[in-house]
Amino acid sequence: MALDGIKRLSVLGAVGASVVVATYNGWLTSQHLAPNEHFFGMYRFVLSALLATWVVADAQERHRDRPTFDHGGFVLFLFVLYAPYYLFSTRRASGALIFGGMLLLFVLPQIAEFIASYAS
């Protein structure tokens, strides 16, 4: 699969997972229930893996895939530190906007929970 396809698939997977988890969390909140913390831990791990896949594919596409310590599993485990560095160093201001979008995907379930609790 081409790098562009990998990037597209990982972003679509991340957005899809965020929408599904946000919908589920909002529905549970409207029923006065809540998922356990393990559910959100798994969600954050899957989302980090999908976005780290995007970062690695983007680095390879931009020919920044030199053999260094900052690719592969290292991106996944230090995603919160590496993603802003990578995005700002490659894209400057638009990289900050992309990272803001990534952060929005992480907090989307909490936003849905807040809206559902306010509405019910």
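Every read-out reported here was derived from the displayed coordinates using simple, explicitly stated rules and does not represent laboratory data. The shown structure was predicted, so the numbers you read here are calculated from the model rather than taken from an experiment.
Quick check: the angle from helix 37-61's long axis to the longest principal axis of the chain, C-alpha only, nearest 10 degrees? Roughly 30 degrees, rounded to the nearest 10. When the inverse distances between all different Cα atoms of the chain are averaged and flipped, the Kirkwood radius reads 15.3 angstrom. For the chain, adding -39500 (n - 2.57) for each run of n ≥ 4 DSSP H residues and dividing by the number of residues yields -28000 deg cm²/dmol at 222 nm. Entry note, the chain: relative contact order of 42 percent, from Cα contacts under 8 Å with a spacing of 6+ residues. Against the chain, whose longest principal axis comes from its Cα atoms, helix 79-91 is set at around 50 degrees. Roughly what angle does helix 93-119 make with the longest principal axis of the chain, taking Cα atoms, 0 to 90 degrees, to the nearest 10? Helix 93-119 sits roughly 10 degrees off the main axis of the chain. Largest mean-square fluctuation among 52, 34, 17, in a Gaussian network model of the chain whose springs join Cα atoms under 10 Å apart, belongs to 34.
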